[in-house]
Each structure stands twice: as structure tokens, then as C-alpha cells.
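Bear in mind that the values in this text are calculations on the coordinates, not laboratory data. Just so it is clear, the model here is predicted, and its values are computed rather than measured. Note that we place each Cβ from the backbone using ideal geometry, even for glycine, and neighbour counts take in every protein chain shown.
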Amino acid sequence: MPIRRPSALRRSLRAASIALALVATLTLAAMAADKPAPAKPASAKPAAPKMADAKSDSAPVSYYRHVRPILQRSCSGCHQPAKRGGGLLVTTYEGVKKGGEAGPGFVVGKPDESNLVQYVSGDKPEMPKSGDKLKAAQVDLIRRWVAQGAKDDTPPGVKDPVTAESPPKYASPPVIAALAYSPDSSLLAVSGFHEILLHKADGSKLVARLIGRAQRIESLGFSPDGKILGAVGGTPALLGEVQFWNVADKKLALALPVTYDSLYGASFNNDGKLFAFGGADNRARIVRVVDGKEVMRFDAHSDYVLGTTWSLKQDYLITVSRDMSMKLIVVENAQFVDNITSITPGALKGGLVVVERHPSREQVLTGGSDGEPKLYQIFRTKTRVIGDDFNRIRSYEALPGRIFSQQFNKDGSQFVVGASTATGGTARIYSTDDGKLLHDLPGIAGPVYAVAFRPDGKQVAVAGFEGKVRLYDAASGALVREFLPVEITPVQTAAR
């Protein structure tokens with residue numbers, strides 16, 4: 001039976017009934033508000049004191065809720081299991097209490113005699129050495145915590161025991177969010193839980209486990225000379241972290257806590273001295289690799305910044321975000337220049353996730369929620385007209401789901417791209433200039449979150465939800481090898 005539209009009279013009656021119902025609801029709510037609240041029974045327990053702000057001098061200060069986040073975000077870069085500056089560890093209560101080369105971290109009840117308070121209060125040695133100094137309110141919280149007895153109220157179920165001496169154990173394969181080949185094609189870096197797994201590029205051997213603070217590694221990249229492995233990620237809702245690892249000795253050179261949530265989309269500049277990344281705080285940043293000093297911060301995105309890349313001359317940074325824009329930024333002063341993509345509402349069908357510059361042209365490849373890889377010129381050569389997408393050079397055949405990762409080969413003639421639906425994934429190799437689909441890579445069962453083109457052009461790597469790394473011949477698209485990047489230890493169940 002065809003659906004009949006209601007007549008004008010019926011629509012008017014319906015609207016009137018809805019309005020009357022709304023008036024009645026508001027009247028009842030107002031009457032309820034005028035009534036005094038019922039008295040609580042005498043036996044009711046008093047409400048527990050709130051500790052979230054700990055603003056008043058008499059309010060109890062929690063180690064887990066107040067002190068720990070301060071230390072994690074400001075001090076853990078130099079004082080963590082992988083890099084114990086001065087012998088001090090601030091990632092656990094026990095480490096803070098034990099202290100380092102200068103002695104115990106605190107004296108219970110005596111903040112003026114406690115090294116921790118002295119270090120963060122501005123007295124020499126002034127800490128942290130890099131990054132912003134603690135605010136007076138943060139120092140006061142730590143001082144009051146020591147004065148109140150410096151108690152450990154960390155819930156037993158949330159303690160994180162992972163260190164280099166006690167590496168992660170996997171009961172199932174980890175979700176792999178990032179892959180990166182070394183410039184000489186000898187190594188493949190794979191993201192894990194709390195660590196980066198460094199494998200021989202052919203998957204034949206695990207070379208090193210680089211264990212850091214961040215629970216999740218979201219993006220990986222080698223410096224152009226291959227000497228530094230850069231990573232960004234974090235522990236969601238606690239901190240973001242930048243990591244720089246010396247590839248030769250497999251040691252952590254620098255860990256930099258940044259903001260309160262995960263970091264994404266990292267990229268080195270051409271000489272490897274600067275490192276760009278985005279974050280869940282809607283910002284893009286550039287830091288110096290040698291000391292982690294922030295040299296540029298861009299605040300004009302309105303949602304997560306998920307990808308960064310550099311112009312050929314390294315004087316511009318290009319960023320993409322969940323806010324459906326690709327922005328062009330002057331590196332020297334963080335000046336916003338242009339939206340490279342169209343700014344017309346509805347022109348893009350969702351957020352952008354990845355961006356990479358062509359190896360030899362001022363062009364960038366991007367992708368995101370609509371699953372369609374797109375190639376753009378970086379610099380506008382025509383006055384913007386509302387509704388245009390003038391900078392777009394071409395679009396490629398869309399992949400099912402969302403694009404999560406992509407990479408050009410060394411000369412930019414091809415690129416590999418990976419995408420995912422809720423239950424499956426796809427990885428393909430395209431020809432850049434003519435848009436031809438070269439290979440739809442076989443054997444993928446789960447969502448794809450990471451792809452990489454080996455610099456020598458011979459293979460591509462694909463990984464994601466399944467926790468397996470698959471290596472494909474770039475010329476034929478054939479599967480060459482698949483392997484688990486970690487050892488799986490099944491959970492032992494007690495016999496009945």
C-alpha cells in the first residue's frame with residue numbers, strides 16, 4: 001500500500017498535540033521544582049568527600065588522581081624505565097619513594113626536606129629540564145601530598161608493570177597501528193603494546209624490543225639518515241608521547257611527554273633535525289630532534305590532527321584533521337596560509353586521516369573517511385571560488401571503508417594504501433600518474449591500519465587488526481610471507 005502524506009489539517013492537529021504535551025511536561029517539572037526535597041533518613045551514610053579538584057588547603061590530595069598525572073606528563077620523559085635520568089623513576093609510586101642518586105624522593109610529612117618538592121619548585125636543580133615548568137598550583141599539590149603523608153592510593157588493578165626487564169607478554173596478537181621501513185631497507189619497525197618491535201625487513205628475525213612509556217604507538221618513521229627512529233602515541237586520557245630511539249644501540253635518546261592524550265601522524269623533515277606530529281588536542285607541533293624543544297605550534301584545526309607532511313623546501317607544513325580540512329602552514333611562524341582542500345560544506349564526506357608529500361613534487365596524497373585516495377597540488381594557482389576543489393589533481397578508485405595508512409614508493413610512481421570497514425580490510429597498489437589500480441593485495445582477513453612501501457621498491461608491508469604482518473612482492477602483488485611480530489603465550493586455565 002502506498003504511503004499517504006497527512007493532510008494539512010491532520011498535520012496542524014498533530015503539531016498542536018505535541019505543543020500541549022510539551023507545555024504539560026514543563027508545568028509538571030516546574031511544580032516538582034517548587035516542592036521541597038524529601039528529608040534523608042537518619043541512617044543514610046554521608047557522601048564521600050570529593051577529591052577531584054583538591055583546591056582547598058585542607059582537602060586530601062590523591063597520589064593516583066592528582067600527583068601521578070603531573071609526574072607522568074611533566075617528568076616521565078627523563079625518568080622512566082627506558083631512561084632513568086639521575087637514577088630516578090617517576091612512573092610508579094615505589095620509584096618516586098625510592099628516589100635516585102640524590103637520595104629518597106620524599107620524607108613523609110616533611111615537604112621542605114623532600115627532593116621531589118625541591119626539584120619541581122623552581123629551586124636548583126630545576127625540573128623538568130625540557131618543556132614547561134610546573135605551575136604553582138601543581139607544585140602546591142605535590143607539597144600538600146607529602147605533608148599529608150604521601151600515601152599511595154593507586155588501585156591494584158591499574159598498575160602497569162611493563163618495563164625493559166619485564167616486557168609485555170601477549171596472549172593474542174596485538175593490533176598493529178604503524179609500520180616503517182629503515183631507509184636502507186634492512187629493518188621493519190612494527191608497533192606493539194608499550195613497545196616498538198624492530199624486525200629484519202624480510203620478517204626472519206626480531207632484532208630488538210624498544211619498550212617505552214606510551215601504551216599505544218600510533219605513528220612511526222625513520223630519520224632520512226636512518227640513525228633515529230621516531231614514534232608518537234600515548235596513553236589515552238593521560239599523556240601523549242614522542243620517542244626518539246638511537247637505531248644503532250637500540251637505546252631511547254629522548255622521550256617527550258606532550259599534552260593529555262595520544263599523538264598521531266609523525267614526519268621528519270628532510271635533514272632529520274625537525275619532527276612534526278598532530279594530536280588529540282587539535283594541534284600540530286614541530287619539535288627539535290636533538291632536545292625536544294618545541295619550535296612551532298599550530299592551533300587552527302577544530303578536531304584531531306591525524307597527519308603531517310612537509311613541502312619540498314621544508315618551509316611549509318601540511319596537516320590533515322578529522323575536521324575535514326587539509327591546511328598549509330608556514331613553518332617559521334605557524335601562519336595559516338590556505339585550506340588546500342575545498343572548504344565547501346559537504347564537499348568532503350568525512351575527516352582526513354593521512355597525508356604524504358610526493359618525493360619530488362609539490363603534491364600531496366591524502367585519504368580518510370570516504371575511502372578515496374586523492375592527489376592535490378600544495379600551492380593554489382587560482383583565486384579561490386566557494387565550491388571549488390581546484391587543487392585536486394585526481395581521485396583514485398575508492399577502497400571499502402576508511403583509509404588509515406598510505407605511502408609512496410621511493411620515486412613516487414606508485415603508492416600503497418590500506419583501508420578498513422568494521423569487519424574487513426583492503427590494501428592496494430596504485431600507479432600515481434595515470435590512476436591505474438595495479439594490485440589488490442590478497443589474503444587480508446581483518447581491518448588494515450598500517451602499510452609501508454620498502455625503500456628499495458621490492459616489497460610492501462601490510463598489517464592491522466589481525467596482528468600479522470604480511471609482506472607482498474610490489475611487482476606482482478603476490479604474498480611473499482606473513483608472520484607474527486611477537487611471541488604468543490596462551491593464557492593458562494586451571495584444570496577442573
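For segment 367-496, what does the relative contact order come out to in percent, with C-alpha contacts under 8 Å and a separation of six or more?
16
Given 20 °C and 1.002 mPa s, compute D for segment 122-262 with the Stokes-Einstein relation, Rh being the Kirkwood radius over Cα pairs; round to the nearest whole µm²/s.
Details: Rh = 17.1 Å.
D = 126 µm²/s.
Using amide H atoms built in the peptide plane, which far-off residues or other-chain residues are under 5 Å from residue 354 H to H?
So residue 354 has HN proximity to 367.
Could you pull out every residue, at least 5 positions away or on a different chain, whose amide H is within less than 5 Å of the one on residue 459? Hs are placed 1.01 Å off N in the peptide plane, and Pro or chain starts have none.
When sequence neighbours closer than 5 places are left aside, the close amide H contacts are 454, 474.
Place a point 7 Å from Cα of residue 362 in the direction of its Cβ. Which residues in segment 379-402 have their backbone N less than 13 Å from it?
Of the residues in segment 379-402, 379-382 have backbone N under 13 Å from the label point off residue 362.
For residue 384 and residue 107, what does the FRET efficiency come to when R0 = 51 Å and r is the distance between their Cβ atoms, rounded to the nearest 0.05?
Details: r = 64 Å, r/R0 = 1.25.
Efficiency, from the Cβ-Cβ distance: 0.20.
Starting with the fewest neighbours, write out 466, 101, 356 ranked by other beta-carbon atoms found within 10 Å of each beta-carbon.
Ordered from fewest to most neighbouring Cβ atoms within 10 Å, 466, 101, 356 come out as 101, 466, 356.
Residue-wise, which Karplus ³J(HN,Hα) couplings in Hz belong to segment 386-395, taking 6.51 cos²θ - 1.76 cosθ + 1.60, θ = phi - 60°, and x for glycine or proline?
Couplings: 4, x, 7, 9, 4, 6, 5, 8, 7, 10 Hz.
Step through the table entries 151/293; 250/273; 313/410; 349/468; 382/436, compare each Cα-Cα distance with 23 Å, and write down the pairs that go over it.
Numbers: 151/293 34 Å; 250/273 19 Å; 313/410 18 Å; 349/468 31 Å; 382/436 28 Å.
Pairs exceeding 23 Å: 151/293; 349/468; 382/436.
Counting only Cα atoms, I'd like the Rg/Rh figure for segment 387-472, Kirkwood definition for Rh.
0.99
Would you mind checking which residues have amide H under 5 Å from residue 207's amide H? H placed 1.01 Å from N; only 5 or more apart, or other chain.
198, 199, 200
Could you run the Karplus curve 6.51 cos²θ - 1.76 cosθ + 1.60 with θ = phi - 60° over segment 263-277 and give me ³J(HN,Hα) per residue in whole Hz, x for Gly and Pro?
These are the phi-based 3J(HN,Hα) values: 10, 9, x, 7, 7, 7, 7, 5, 8, x, 8, 10, 9, 10, 6 Hz.
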